[in-house]
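Remarks on the structure that follows.
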Amino acid sequence: MPELAARAGFPDAARWRKFLTGHRTRLHEQYLARPDPARLLKALSQLIDQVLTGAAREIGLPPDVSLLAVGGYGRREQFPYSDIDLLVLLKQAPDAKQAPVLERYITYLWDIGLEVGHSVRTLDECLIEARKDITVETTLLEARLIDGSAGLFHEFQHALDQALDGRAFMEGKLLEQQQRHLRFHDAAYNLEPNLKENPGGLRDLQTILWISRALGLGASWQGLLNAGLLAPEEAREIRQAERLLRDLRIRLHFLARRREDRLLFDYQAALAQELGFNPRGTRNAAEILMQHYYRAAKRVGLKNKILLLDLKSRAIPATGSSPQPVNARFAVSRGMLEARAPDLFEREPGAMLEAFLLLQQQSGVLDMSAQTLRSLIRATGKIDTAFRRDPRNRQLFLAILRAPRGLTHTLRRMNQYGVLGRYIPAFGRIVGQMQHDLFHVYTVDEHILFVVRNLRRFTLTEFAHEYPLCSRLISNFERPEVLYLAGLFHDIAKGRGGDHSALGARDARKFCREHGLHAEDAELVAWLISQHLMMSATAQKQDLSDPDIIAAFAARVGDMRRLTALYLLTVADIRGTSPKVWNAWKGKLLEDLFRATQRLLTGGAAPLDRQMEVRKEEARKLLRQATVPEEAQVLFWRELDDSYFLRHTVREIAWHTRHLHSVAHTARPVVHARSAPEGEGIQVMIYTPDRDDLFARICAFFERINYTIVDAKIYTTPHRYALDTFLVLDVGDSAQHYRDLLSFIEFELTQRLSEDTPPEPPLQGRVSRQLKHFPIQPQVSIVPDEKGQYHLLSVTAGDRPGLLSRIAQVLLKHGIHLHTAKINTLGERAEDAFLLRADDDRLLNQKTVLKIETDLLQALA
């Protein structure tokens, strides 16, 4: 084939580009008509071989140079838009005559349109780099000759083989894989997974073959089969998973028309359509496609684990010590748990659960041996209705939940090995199920396991500094397995249609009763699941300074055990959605709600007038420390009413008084900013004669400096001054110095509030990729609060620049005033709550309310 290309005589880059484009287009069309990933990758590799060889002949590369394909190109797995890994191998460093020729050749390849990742090295330089960097060594192991000196190439291969230390290479690749998995939080189930690098991706399969090749045990699946490392059915499963991953990556490259290995939301629907997936029930085609991917990735991860265990045992022979018996069924050998009979799980299926329990109980035991794992996986079909009804198996499962150590790892293993989904069929249905709510970044099963992991983490003393209150509460919580069960079932009914909380509670109640839990504990688990969203909704959407809100929440909770359990589950749940959703402000809201409810349930809540006097006295102490004259404090407080002291914390009261006692009747806006007491974000105080457009101006200012408002306390004094307190967070992680930033906010916001011009219009920023492909239909409702004093505006919409300004502008247009704002952003989803008031009865007029709601929907569309 290279000879044919040479005879064709392409004299310039343009003709090579046409040749390359035409053949790529033809291969793409052939692939869509008859998909065969292995054949396409080989054909693309051959096409590149032709171009590289023909170009080399035209440029006149010296005959003693070897052109080597390395990396994926070297193993004939050239994906459509991947870089072309090329090594120009020299006998010795290029001289003054060779260097320009080599440079001209590489430039020519780029002019043709080939994205070449090249290196020019001598044989000695290759060996030096391979010793220093295992990634380079791996790339060189896959080298093949394209053109040039065969003698130099064979010399290179011999030298590389002589320098290769199979055991050291294996240990290096295992460490490399571990680090790669950690970059993805050790989770295969990210919603936009990397087909190549994610756990369970193509790289996991390649790692097996690299290590096997370095150990001399085979460089292909057939080689591993011949070496006795793979059973025929395992080889078949690996090839099927590999074919799916390759197919997805090929199609992804063609769709993106560039090197793109991430299954981004932008391409999931198009890929699903191309592959013939159709919507099913409540799930769209993309979700069904992704579940196929996730389950393939799970199989790859499992095969990777088993085969690497096998390869490690081959590389590091046994020292001669005999297995140490654990009981009649199991022994420990070389740090691994082994079944003492190969057919143990077939004869005694309950031993599968016992094996997981032993892994928790036996210190120093890392996992099951490869052979035991294979036996267990083959026997998972034995986990049927009779197995689930067996009282011994039910007790074993509860023992796993109650074990003092290793619960998180055990549940992850049970999920990976297919046991957890067989034992709890409802869990099996949500394995690999996506959540397109734009704030969960993991599949349902992965999220559930993160929640249980977070609950378990609260019990460990080494992590007590992270969430001290959670650690203290769980240390005194009797029978914590009820929390783990609530975590396991809280989202288990996702995707069925209907209320997943109610459906999950029903499943959990049945499971708990079947497993012999006390009736009280079974009801607690079911209640937690049915109400697992209640505490976050109350904390993030309602006015926690209102005693009636706290009283209503306390009435729904009922007692301290329920309150403690709900608080722990809520913190663990929010932290398990995404690394970005949790912040200190949400933590403070939940803790404030917990402590206020605790005081009410334990009889420690004082009457309102007493609460107010306590706050005033504590604020006076802080003011005395700040040397604020008492008469000044008294005069300023006369300007405030009781609602102010009930709605603000002691530190806020002292902060306001310290800065405002001497300017109570100023005509100029007063703005002060400080680091938020919660430790995250900036708290901003604004004191100015009240004006209708004040909130709209403030929103526009913070949006333009890339800060988001997460909390707003709007207070109007009896003498018509606005005393508003905002908590804002940096959206863009500004590098500006902290003190400079506070000064900037104080000066610039004062200037904006002093202007008489109309408020700035809302920003017209770009919608995120996620919202573009999974839009959220805005929802708006305005209803009276329970006391009839205010109206509650609830807004759910996709988060976007200018969102809050749009809401503020509509409220301004209709003459509606803001009392309180709770801004809750969950990933790309905004769930905001506002308490509203009007100077007249317009909010009691249904037509007016409907018009406001309609205008809000139009503004948010």
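Filtered by the rule that a residue be exposed (fewer than 14 other Cβ atoms within 10 Å of the Cβ) and polar (S, T, N, Q), segment 71-114 gives Gln92, Thr107. The set of residues in segment 105-116 that are of a type outside the set (A, V, I, L, M, F, W, C) and either under 16 Å from Ser66 (Cα atoms) or at pLDDT 95 or above (or both) contains only Tyr105. Of the residues making up segment 19-42, not a single one is crowded, with 20+ Cβ neighbours inside 10 Å, at pLDDT 95 or above and of a type in the set (Gly, Ala, Ser).
When segment 60-70 is filtered for residues that are open to solvent by 10 Å² or more (accessible area, probe 1.4 Å) and either among the small types (Gly, Ala, Ser) or free of Cβ contacts under 8 Å to residues at least 40 places away in the same chain (or both), the ones remaining, listed by number, are Gly60, Pro62. Of all residues in segment 798-838, those satisfying the criterion of being under 21 Å from the mean Cα position of the chain (by Cα) and not hydroxyl-bearing (Ser, Thr, Tyr) are Gly798, Asp799, Arg800, Asn824, Leu826, Gly827, Glu828, Arg829, Ala830, Glu831.
Against the conditions (1) among the charged types (D, E, K, R); (2) open to solvent by 20 Å² or more (accessible area, probe 1.4 Å); (3) touching a residue at least 40 places away in the same chain (Cβ under 8 Å), Glu346 satisfies every one except (3). Specify the residue that is surrounded by the fewest Cβ atoms within 10 Å (Cβ to Cβ); the eligible residues are those in segment 529-568 that are in a helix (DSSP H, G or I), modelled with pLDDT of 95 or more and charged (D, E, K, R). Among residues in segment 529-568 that are in a helix (DSSP H, G or I), modelled with pLDDT of 95 or more and charged (D, E, K, R), the one surrounded by the fewest Cβ atoms within 10 Å (Cβ to Cβ) is Arg556.
In segment 350-359, which residues are farther than 13 Å from Val332 by Cα and either open to solvent by 10 Å² or more (accessible area, probe 1.4 Å) or touching a residue at least 40 places away in the same chain (Cβ under 8 Å) (or both)? If the condition is that a residue be farther than 13 Å from Val332 by Cα and either open to solvent by 10 Å² or more (accessible area, probe 1.4 Å) or touching a residue at least 40 places away in the same chain (Cβ under 8 Å) (or both), then Gly350, Met352, Leu353, Glu354, Phe356, Leu357 are the ones that fit.
Among the conditions (1) under 27 Å from Ala315 (Cβ atoms); (2) crowded, with 21+ Cβ neighbours inside 10 Å; (3) hydroxyl-bearing (Ser, Thr, Tyr), the only one that Ser363 does not satisfy is (2). Out of all the residues in segment 687-699, is one or more in contact (Cβ under 8 Å) with a residue 12 or more places away in the chain and within 20 Å of Asp740 (Cβ to Cβ)? No, there is no match, as no residue in segment 687-699 is in contact (Cβ under 8 Å) with a residue 12 or more places away in the chain and within 20 Å of Asp740 (Cβ to Cβ).
Residue pairs whose Cβ atoms lie under 9 Å apart, separated by 6 or more positions or on different chains, with the first residue in segment 244-268 and among the small types (Gly, Ala, Ser) and the second surrounded by fewer than 22 Cβ atoms within 10 Å (Cβ to Cβ), are Ala256/Tyr81; Ala256/Leu264; Ala256/Asp266; Ala256/Tyr267. Going residue by residue through segment 142-153, is there one that turns out to be among the aromatic types (Phe, Trp, Tyr) and surrounded by 17 or more Cβ atoms within 10 Å (Cβ to Cβ)? Among the residues of segment 142-153, at least one is among the aromatic types (Phe, Trp, Tyr) and surrounded by 17 or more Cβ atoms within 10 Å (Cβ to Cβ), which makes the answer yes.
Just give me the residues in segment 292-328 being of a type in the set (A, V, I, L, M) and open to solvent by 50 Å² or more (accessible area, probe 1.4 Å), in sequence order.
Answer for segment 292-328, where residues must be of a type in the set (A, V, I, L, M) and open to solvent by 50 Å² or more (accessible area, probe 1.4 Å): Ala318, Ala328.
Given the condition touching a strand residue (DSSP E or B) at 6+ places or on another chain (Cβ under 7 Å) and crowded, with 16+ Cβ neighbours inside 10 Å, answer yes or no: does some residue in segment 584-599 qualify? Yes, that holds for at least one residue. For a quick check of your reading of the model, give me the residue pairs whose first member lies in segment 587-603 and is free of Cβ contacts under 8 Å to residues at least 40 places away in the same chain, whose second is buried (at least 19 other Cβ atoms within 10 Å of the Cβ) and not hydroxyl-bearing (Ser, Thr, Tyr), with beta-carbon atoms closer than 7 Å and at least 6 apart or on different chains. Close Cβ pairs (under 7 Å, with a partner that is buried (at least 19 other Cβ atoms within 10 Å of the Cβ) and not hydroxyl-bearing (Ser, Thr, Tyr)) amount to Gln598/Leu563.
Within the set Leu255, Leu217, Leu248, the sole residue that is touching a Phe, Trp or Tyr at 6+ places or on another chain (Cβ under 8 Å) and open to solvent by 20 Å² or more (accessible area, probe 1.4 Å) turns out to be Leu255. All of Ala676, Ala654 fail the test of being surrounded by 15 or more Cβ atoms within 10 Å (Cβ to Cβ), among the small types (Gly, Ala, Ser) and under 25 Å from Leu803 (Cα atoms), apart from Ala676.
Take segment 790-805 and flag every residue that is of a type in the set (S, T, N, Q) and either part of a helix (DSSP H, G or I) or without any contact (Cβ under 8 Å) to a residue 24 or more places away in the chain (or both).
The answer is Ser805, and nothing else.
Exactly one of these conditions fails for Arg121: (1) of a type outside the set (Gly, Ala, Ser); (2) open to solvent by 30 Å² or more (accessible area, probe 1.4 Å); (3) in a helix (DSSP H, G or I). Give me its number. Only one criterion is unmet by Arg121, namely (3).
The values are calculated or read from the model by the stated rules, or taken from the named source; none is laboratory data. If you're wondering where the values come from, they're calculated on a predicted model, not measured in any experiment. Don't worry about glycine lacking a Cβ; one is built from the backbone with ideal geometry, like all the others, and counts go over all protein chains shown. Protein only, heavy atoms only, side chains kept; ligands, DNA and RNA dropped before computing areas. Shrake-Rupley method; radii C 1.70, N 1.55, O 1.52, S 1.80 Å.
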